[in-house]
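Engineer: Following this message is one structure expressed as structure tokens.
The values are calculated or read from the model by the stated rules, or taken from the named source; none is laboratory data. Source: prediction; values computed, not measured. Ideal geometry is used to build each Cβ from the backbone, glycine not excepted, and the neighbour counts take in all protein chains shown. Each accessible area value is taken on the protein alone, full model and side chains, heavy atoms only, with ligands, DNA and RNA left out. Shrake-Rupley method; radii C 1.70, N 1.55, O 1.52, S 1.80 Å.
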Amino acid sequence: THDFSDALENSFWTVLSLDDSGDSGNNWTIDAVNKKVSLLHDGYHDNNDWLISRPLKMDAAKAYRLSFKAAMSNKINPLNFEVSLGNATTAEAATTIIDTISSDEFAANDTKYAYSYDFTPSFTGDGYIGFHEDDAKLAFTYNNNSLSIYDFSIKEIPIVPNLVTNLTASPADDESLKVILTFNTPTTSTTGLSLGDLTASVYRDGKLIAD
């Protein structure tokens with residue numbers, strides 16, 4: 001987990017300000033003391049700002065879990081941001097949108113909410129997680145809202161098959177106390193990886209009864 005308290009680790013993160021106005025406006029700011037990175041949204045500036053992680057080694061044949069916490073200071077003022085995955089520290093490279101999050105999802109101000117996503121990248125090599133806020137300035141100059149990100153983490157997780165489909169249970173033809181189960185085994189994992197042919201074992205009360 002990266003909690004933004006390490007200055008050296010923070011130096012590998014990238015901040016991009018792509019506001020159409022051309023001025024610096026509001027930028028992502030890393031606060032090592034309070035262990036967060038924040039961006040202000042107000043009535044003075046349009047925001048088109050990116051926070052991009054350090055390079056993360058990724059493999060297109062593996063699964064990963066991204067997690068972080070987010071908080072907003074004044075959720076009544078709209079603020080929307082995207083979480084994305086790319087293979088370079090540019091906005092153009094962030095081609096996989098993991099989620100889009102709005103201030104409507106935050107029940108209270110200044111409260112951390114946990115987010116978690118399982119995914120498989122479409123490439124092998126260095127990957128980058130991006131946080132992108134792109135909003136027009138708020139209606140009045142006294143309006144504001146700030147987004148803060150805490151406790152960034154990404155780790156490899158086991159590859160888990162999807163659930164079986166078309167499961168049916170029918171009584172045996174000989175009227176014995178038996179049941180005939182039919183189902184289709186999954187062909188992909190929960191993150192979209194192709195699994196090929198799978199075998200299945202059936203257990204009852206913890207005991208193997210068919211394979």
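Engineer: Collect the residues in segment 141-156 that are modelled with pLDDT of 95 or more and loosely packed, with under 14 Cβ neighbours inside 10 Å, keeping them in residue-number order.
Structural biologist: Selection gives S153, K155, E156.
Engineer: Taking N34 as meeting all but one of (1) within 28 Å of K137 (Cβ to Cβ); (2) modelled with pLDDT of 95 or more; (3) surrounded by 14 or more Cβ atoms within 10 Å (Cβ to Cβ), write down the number of the exception.
Structural biologist: (3)
Engineer: For residues in segment 12-23 being at pLDDT below 95 and assigned to a loop (DSSP other than H, G, I, E, B), which is nearest to E156 (Cα to Cα)?
Structural biologist: Once the filter is applied, the top-ranked residue is L18.
Engineer: Assess whether I98 counts as being farther than 26 Å from L195 by Cα and in a strand (DSSP E or B).
Structural biologist: no
Engineer: List pairs: first in segment 42-59 and open to solvent by less than 10 Å² (accessible area, probe 1.4 Å), second part of a strand (DSSP E or B) and among the hydroxyl-bearing types (S, T, Y), Cβ under 6 Å, 6+ apart or cross-chain?
Structural biologist: These pairs meet every condition: D49/S17; I52/T14; I52/Y128; S53/Y128.
Engineer: If only one of A107, A70 is open to solvent by less than 40 Å² (accessible area, probe 1.4 Å) and of a type in the set (G, A, S), which one is it?
Structural biologist: Sole residue among the options that is open to solvent by less than 40 Å² (accessible area, probe 1.4 Å) and of a type in the set (G, A, S): A70.
Engineer: Between a first residue in segment 126-140 that is open to solvent by less than 10 Å² (accessible area, probe 1.4 Å) and a second residue that is part of a loop (DSSP other than H, G, I, E, B), which pairs have beta carbons less than 6 Å apart while being 6 or more apart in sequence or on different chains?
Structural biologist: That search, which allows pairs on different chains as well, returns G127/P121; I129/S53; G130/A94.
Engineer: Pick from segment 178-211 the residues that are part of a loop (DSSP other than H, G, I, E, B) and touching a Pro at 6+ places or on another chain (Cβ under 7 Å): which of them is most open to solvent (accessible area, probe 1.4 Å)?
Structural biologist: L198
Engineer: Can you report the number of residues in segment 1-11 which are surrounded by 15 or more Cβ atoms within 10 Å (Cβ to Cβ) and either of a type in the set (A, V, I, L, M, F, W, C) or modelled with pLDDT under 80 (or both)?
Structural biologist: 1
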